[in-house]
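What follows is one structure encoded as structure tokens, with my remarks underneath.
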Amino acid sequence: ADSYPNLKRDSRFKEVTADDVAFFREVLGSDNAIIDGVTKDASDDLEAFNSDWMKKYRGQCKVVLKPDTTEQVSRILKYCNENLLPVNPQGGNTGLVGGSVPVFDEVVLNLSRMNSIHSFDEVSGILVADAGVILQAADDHVAEKGYIFPLDLGAKGSCQIGGNVATNAGGLRLLRYGSMHGNILGLEAVLPDGTIVDDLCTLRKNNTGYDLKQLFIGGEGSIGIITKISILCPQRSPAVNVAYFGLSSYAKVQQAFREAKIQLSEILSAFELMDSQSQALYARASGARLPLESPHPFYCLIETSGSNTDHDSEKLTTFLEHVMGEEIVADGVVADNESQLQSLWACREGISEASQHFGGVYKYDLSIPLPDLYSLVEECRERFQSNGLMSDTDESKPVFDVVGYGHMGDSNLHLNVAVRRYEKEVEKALEPWVYEWVAQRKGSISAEHGLGLAKKEFIQYSRSETMVGLMKQLKKVYDPNGIMNPYKYI
Ligand code: FAD
Ligand code: 2HG
Ligand code: ZN
């Protein structure tokens, strides 16, 4: 309870007892499927399930359940619902808003043992798989057949496709392949009362009433547990090129994006933005050398994916000649082998981890109209320069860097305030200031990471009272006892 002085444990909820554990054990039928901290001390084993990727949120769950069938999930939820035991669904625990770990003693229901791939149709590209399949494994599976999983993100080695769906994760390829709301064709989910919702449809088109699966996509585990998904995978492009370049201003970044859309059009598969601070921080944290010799205020990473290597390389070269000739881009490099391609991508994907490497980080994941997108980073930096909380050398100051990067192609900024240690004063300087700033520009306070616990108090900056009211009504219909992922955004 000390972790969250402003939150109170809901006294309606029961605490897990030895009898409950005996029931779970009977359902799961295997010692590997349960971590029992109720009848014995298991604090070391529970630690990884109680703390999040940023080590910012910590729960106190005493029992972790790892079912391996939908029927087991159903029996567990029904029991928890009848006995008022709250449940925290958990995938790979890479979420960045505190949604994946308990707040108090919620039962963690972890999907990692539900990790089978059921089918892949090589003609349509439709994959049907368990929610607990690791994203990288799903992509490797379809890659063998010439397809690509339509989502890619830095946490691919540990996040699960069920978690990706539950957060409606965006990632690095959204610009090209669209969101989970479009790519997920069907899913199977279990409601708190144990009802199995079989909507594991494999049809591209299905206009038969409300599209209820959409509520689970991005629902952050608030109405049920996703157990299986069916997803449409696009053809994998044999020709992939990556370019990384330096630019002198944010105005030029916008010009470069416009030119990339005009000239690379159908082969453009990513357009990512990194400021110089984010690249310096990445280099410092990882020890890697940056691709370009001299520093630039901004960097962009462009990826193209197409079917013809020569054609694509020619297009990319013409594009780069044009943007360099017009002095839109100051300097650039194109990867000429797979390992160089990976190291260019690492300069972008590695920022998230680098930002917390020297202590901690305050992360903001925002949709902002493109013309204003970077002003927030500049204003945030000025704010910390003038309030005396930031210094890159003075260890007594909590903040040491403010970095901006993100999915430029989707108007999605990641503002990361890197700190030596977490201090309330820093949070107070940022919140609700960041959210007010974003709301004034009709942006979104959560572009792709969700609300979880981190943004629970701020939903009204992006959603009207009417919409929040409708969400609460839906929550009541699906989860009348409120056992699913309590204390979080809804
Ligand atoms: P978890 O973290 O375990 O859970 C996330 C939420 O979903 C929780 O609320 C949980 O209760 C719920 N949940 C999980 N599984 C289920 C299920 N089966 N049924 C119901 N609810 C469930 N996100 C992006 O959008 N774009 C990025 O580019 C991106 N990059 C990232 C890079 C790094 C290095 C890291 C650490 C994270 C990144 N993320 C990104 C955050 C992103 O949300 C997650 O990585 C991913 O989508 C979460 O999957 P997970 O399996 O780890 O879910
Ligand atoms: C990314 O795009 C992720 O790298 C993480 O969404 C962003 O850590 C962050 O703020
Ligand atoms: Zn992102």
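The values are calculated or read from the model by the stated rules, or taken from the named source; none is laboratory data. Computed from a predicted model, the values in this text were never measured in an experiment. Using ideal geometry, Cβ is built from the backbone for each residue, glycine included, and neighbour counts are taken over all protein chains shown.
For this structure, a couple of remarks:
- No other residue among SER179, SER278 is outside the structural domain of ILE302 (by TED's automatic domain parsing), within 16 Å of ligand 3 (Cβ to nearest atom) and of a type in the set (S, T, N, Q) apart from SER179.
- Among (1) out of contact with any Pro (no Cβ under 7 Å at 6 or more places or on another chain); (2) surrounded by 21 or more Cβ atoms within 10 Å (Cβ to Cβ), the one test that CYS201 misses: (2)
- Any hit, the stretch 85-94, residues being in contact with a Lys or Arg (Cβ under 9 Å, 6 or more places away or on another chain), more than 15 Å from VAL63 (Cβ to Cβ) and not assigned by TED's automatic domain parsing to the domain that holds GLN136: no
- Selection status of PRO369, of a type outside the set (A, V, I, L, M) and in contact (Cβ under 8 Å) with a residue 60 or more places away in the chain: yes
- Candidates SER411, SER367, filtered to the one that is among the hydroxyl-bearing types (Ser, Thr, Tyr) and on the phi < 0 side of the Ramachandran plot: SER367
- Those helices (runs of 4 or more DSSP H) lying entirely in the stretch 257-366 with at least 1 residues out of contact with any strand residue (DSSP E or B) (no Cβ under 8 Å at 6 or more places or on another chain) and within 23 Å of SER158 (Cα to Cα): 276-286, 338-349, 351-354
- Among the conditions (1) within 9 Å of ligand 1 (Cβ to nearest atom); (2) surrounded by fewer than 20 Cβ atoms within 10 Å (Cβ to Cβ), the only one that ASP152 does not satisfy is (2).
- Members of the stretch 93-111 that are near ligand 1 (Cβ under 9 Å from one of its atoms) and either out of contact with any helix residue (DSSP H, G or I) (no Cβ under 8 Å at 6 or more places or on another chain) or within 22 Å of LEU153 (Cα to Cα) (or both): ASN93, THR94, GLY95, LEU96, VAL97, GLY98, GLY99, SER100, VAL101, ASN110, LEU111
- Of all residues making up the stretch 110-141, the number that are surrounded by 19 or more Cβ atoms within 10 Å (Cβ to Cβ), hydrophobic (A, V, I, L, M, F, W, C) and more than 19 Å from the chain's Cα centre (by Cα): 5
- Any hit, the stretch 387-403, residues being touching a residue at least 60 places away in the same chain (Cβ under 8 Å), surrounded by fewer than 19 Cβ atoms within 10 Å (Cβ to Cβ), in a loop (DSSP other than H, G, I, E, B) and among the basic types (Lys, Arg): no
- Here TYR435 fulfils each of the conditions (1) of a type outside the set (A, V, I, L, M, F, W, C); (2) outside any loop (DSSP other than H, G, I, E, B); (3) surrounded by 15 or more Cβ atoms within 10 Å (Cβ to Cβ); (4) in contact (Cβ under 8 Å) with a residue 60 or more places away in the chain apart from (4).
- Checked against (1) in contact with a Leu (Cβ under 7 Å, 6 or more places away or on another chain); (2) touching a residue at least 60 places away in the same chain (Cβ under 8 Å); (3) aliphatic (A, V, I, L, M), ILE35 passes all but condition (2).
- The set of residues in the stretch 240-293 being buried (at least 21 other Cβ atoms within 10 Å of the Cβ), in contact (Cβ under 8 Å) with a residue 60 or more places away in the chain and among the β-branched types (Val, Ile, Thr) consists of VAL242, VAL253.
- Cβ pairs under 7 Å, 6+ apart, first in the stretch 213-224 and assigned to a loop (DSSP other than H, G, I, E, B) and away from ligand 3 (no atom under 16 Å from the Cβ), second among the hydrophobic types (A, V, I, L, M, F, W, C) and modelled with pLDDT under 95: SER222/ILE490
- Filtered residues of the stretch 406-432 (kept if more than 16 Å from ligand 1 (Cβ to nearest atom) and outside any loop (DSSP other than H, G, I, E, B)): VAL417, VAL419, LYS424, GLU425, VAL426, GLU427, LYS428, ALA429, LEU430
For (1) within 22 Å of SER307 (Cβ to Cβ); (2) within 16 Å of ligand 2 (Cβ to nearest atom), each residue gets a yes or a no:
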{"position": "GLY98", "(1), (2)": "no, yes"}
{"position": "LEU109", "(1), (2)": "no, no"}
{"position": "SER124", "(1), (2)": "yes, no"}
{"position": "ASP139", "(1), (2)": "yes, no"}
{"position": "SER158", "(1), (2)": "no, yes"}
{"position": "GLY162", "(1), (2)": "no, no"}
{"position": "THR167", "(1), (2)": "no, yes"}
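- From the options ASN207, ASN168, residue that is touching a helix residue (DSSP H, G or I) at 6+ places or on another chain (Cβ under 9 Å) and either outside the structural domain of ILE76 (by TED's automatic domain parsing) or farther than 30 Å from LYS488 by Cα (or both): ASN168
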